[in-house]
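Trainee: Before anything else, here's the structure in question.
What follows is calculated from the coordinates using simple rules that are stated; it is not laboratory data. Everything numeric here is computed off the predicted structure, so don't read it as measured data. Neighbour counts are summed over all protein chains in view; Cβ atoms, including those assigned to glycine, are modelled from backbone coordinates with ideal geometry.
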Amino acid sequence: MSKKVNRRDLIRLGLTSSLLGVFNFKSLAKTSINITNVSSEDEIKPIVISTWNHGIAANKAAWEIIKKNGSSLDAVEFGVRVTESDLTNRSVGIGGYPDIDGHVTLDACIMDQNSNCGSVAFLEGIAHPISVARAVMEKTPHVMLVGKGAKKFALAHDFKKISTPIPEVKKEWKAWKKKHNKLLKTPAVNTENHDTIGMLAIDNNGNISGSCTTSGWAYKMHGRVGDSPIIGAGLFVDNEIGAACATGVGESIIKIAGSHTVVECMRNGYSPQEACEEAIKRIIKKQGNVKDLQCCFIALDKFGNTGAHSIRDGFNYAIKNNDFEGIKNSSYSI
Ligand code: ASP
């Protein structure tokens, strides 16, 4: 059986830019061609993908939900809650490092297949910012709540108050302050003092959702918010196309609307891998000096194809689907 497809269908079919490059987009938009056997491309391939090593445990929890025909939205929320609950994790959740003034301020966002989204930033003393972000999405007319307002909302919705920093972290922060002899300045980002969990999932209905949660850059300026709670920067989902999320220096990711850029590249025919590479290329070009800068993206398309790319070596990500469970090292540019 043959089916008529136009340019948009070709992109939906996951044909990469290298193949599409053979055609002229403008003329393709007006024409159509006949191709056969398209049905296998429409097969739904459930998958969970998330950033860094901590993604392994988070993916496991998310996959339990997908396996039982749960929604990708539940999967990405309950998946990253595992990381938020880990008090030994110094870059996500209440075990995270504080800002320069000793406040642990948490950022998170979530987005579903209908482009509903919710976000919290600069939230203190609440264990699960990702669930507060979901409550913002589902129970308010807003997308984003920050600071005291976000906390007031969380407490009004029965989220428990937690004292932060936790004692071990408070001790480390005090030692850091002493060492820096009161000349307090936010330290440059290195592999030790940041990270985020970003998670993307496709469920058995083919719906995509994403989540992103972090305590941000260790010893950041009080009031600083990175890319992680910003829809389009730290996370973006478009159910027709795919999704992306980011980790690394939030300031550089925000400047190119990173995750949205990745999804838009996929909309224009790039594979998830090519789209992540293009976004990193753009950061490098805009930023000029990328010495010590690390930014990373993961992405998936509607068909469960994945991609990941970072500025430099050292980024890894976790995948779980029916064929594979484990960590992969990302490709990198320099
Ligand atoms: N993107 C996070 C932030 O800038 C940190 C990270 O993922 O490394 O707060």
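Trainee: Can you give the charge dipole size of the range 212-308 about its Cα centre, rounded to the nearest 20 debye, using +1 on the beta carbon of Lys and Arg and -1 on the beta carbon of Asp and Glu?
Mentor: Numbers: 10 positive and 10 negative charges, 78 e Å.
Roughly 380 debye for the range 212-308.
Trainee: Let me ask another. Would you grab the residues whose amide H sits under 5 Å from the one on THR51? Only those 5+ places off in sequence or on another chain, please, with H modelled 1.01 Å from N.
Mentor: Long-range HN contacts for THR51: GLY198, ALA318.
Trainee: Compare the Cα positions of ALA135, HIS157, PHE236 along the charge dipole of the range 133-276 (+1 at Cβ of Lys, Arg; -1 at Cβ of Asp, Glu; about the Cα centre) and return the one farthest towards the positive end.
Mentor: Result: HIS157, furthest along the dipole toward the positive end.
Trainee: Please list 3J(HN,Hα) in residue order for the range 279-294, calculated via the Karplus relation 6.51 cos²θ - 1.76 cosθ + 1.60 where θ = phi - 60°; whole Hz, with x for glycine and proline.
Mentor: Ordered by residue, 3J(HN,Hα) equals 5, 5, 4, 5, 4, 4, 5, 5, 6, x, 8, 10, 4, 6, 8, 10 Hz.
Trainee: Students often get this wrong: which residues of the range 224-260 have the backbone nitrogen under 13 Å from the point 7 angstrom along Cα-to-C-beta of ILE44?
Mentor: none
Trainee: For a label point 7 angstrom out from the Cα of ASP101 toward its Cβ, which stretches of the range 126-155 have the backbone nitrogen within less than 15 Å?
Mentor: Answer for this model: 147-149.
Trainee: Same structure again: Among bridges DSSP assigns within the range 228-321, what percent are antiparallel (round to 5)? Before the final figure, lay out the partial values.
Mentor: Details: 16 of 17 bridges.
Percent antiparallel among DSSP bridges in the range 228-321 is about 95.
Trainee: Starting from the amide H of VAL92, placed 1.01 Å from N in the peptide plane, find each other amide H under 5 Å away whose residue is 5 or more places distant or on another chain.
Mentor: Those qualifying (amide H under 5 Å, at least 5 residues apart or on another chain) are SER215.
Trainee: How much length is gained on full extension from HIS157 to THR88, taking 0.36 nm per residue of separation minus their Cα-Cα distance?
Mentor: Numbers: separation 69, 0.36 × 69 = 24.84 nm, distance 2.67 nm.
Gain in length upon complete extension: 22.2 nm.
Trainee: Separation between the GLU168 and GLU325 pseudo-spin-labels, each 7 Å from Cα along Cα→Cβ, expressed in nm?
Mentor: Each label point is offset 7 Å from its Cα along the Cβ direction, giving 2.5 nm.
Trainee: For the residue pair LYS281 and ASN204, what label-to-label distance in nm results when each label sits 7 Å from Cα along the Cα-to-beta-carbon direction?
Mentor: Calculated label separation equals 4.0 nm.
Trainee: Let me ask something else. Over all directions, what mean area does the Cα convex hull of the range 178-309 project, stated in square nanometres? Write out the running numbers ahead of the final one.
Mentor: On the way: hull surface 34.1 nm².
Mean shadow area of the hull around the Cα atoms is 8.5 nm².
Trainee: If each of ASN53 and GLU240 carries a label point 7 Å out from its Cα toward its Cβ, how far apart are those two points in nm?
Mentor: Going from the ASN53 label point to the GLU240 one covers 4.2 nm.
Trainee: What FRET efficiency, computed as 1/(1 + (r/R0)^6) with R0 = 45 Å and r the Cβ-Cβ distance, is obtained for LYS60 and HIS142, rounded to the nearest 0.05? Walk me through the numbers on the way to the answer.
Mentor: Details: r = 32 Å, r/R0 = 0.72.
Calculated transfer efficiency: 0.90.
Trainee: Now, a different point. Would you be so kind as to identify which of HIS180, VAL225, GLY102 lies farthest towards the positive end of the dipole of the range 97-246, taking Lys and Arg as +1 and Asp and Glu as -1 on Cβ and the Cα centre as origin?
Mentor: Of the candidates, HIS180 comes out farthest on the positive side.
Trainee: Under 8 Å for C-alpha pairs, at least 6 residues apart: give me the relative contact order for the range 216-334, rounded to a whole percent. Each step should come with its number before you reach the end.
Mentor: Values: 241 pairs, mean separation 24.5, N = 119.
It rounds to 21 percent for the range 216-334.
Trainee: Residue-wise, which Karplus ³J(HN,Hα) couplings in Hz belong to the range 315-327, taking 6.51 cos²θ - 1.76 cosθ + 1.60, θ = phi - 60°, and x for glycine or proline?
Mentor: The phi angles translate into 8, 9, 8, 10, 10, 9, 8, 5, 9, 8, 9, x, 9 Hz.
Trainee: List the residues, sorted by chain then number, that are 5 or more residues from TYR332 or on another chain and whose placed amide H is less than 5 Å from its amide H.
Mentor: Correct list: SER310.
Trainee: Right, something else. Would you work out the charge dipole size for the range 55-178 about its Cα centre, treating the Cβ of every Lys and Arg as +1 and the Cβ of every Asp and Glu as -1, and quote it to the nearest 20 debye?
Mentor: Numbers: 17 positive and 14 negative charges, 78 e Å.
That gives the range 55-178 a dipole magnitude of about 380 debye.
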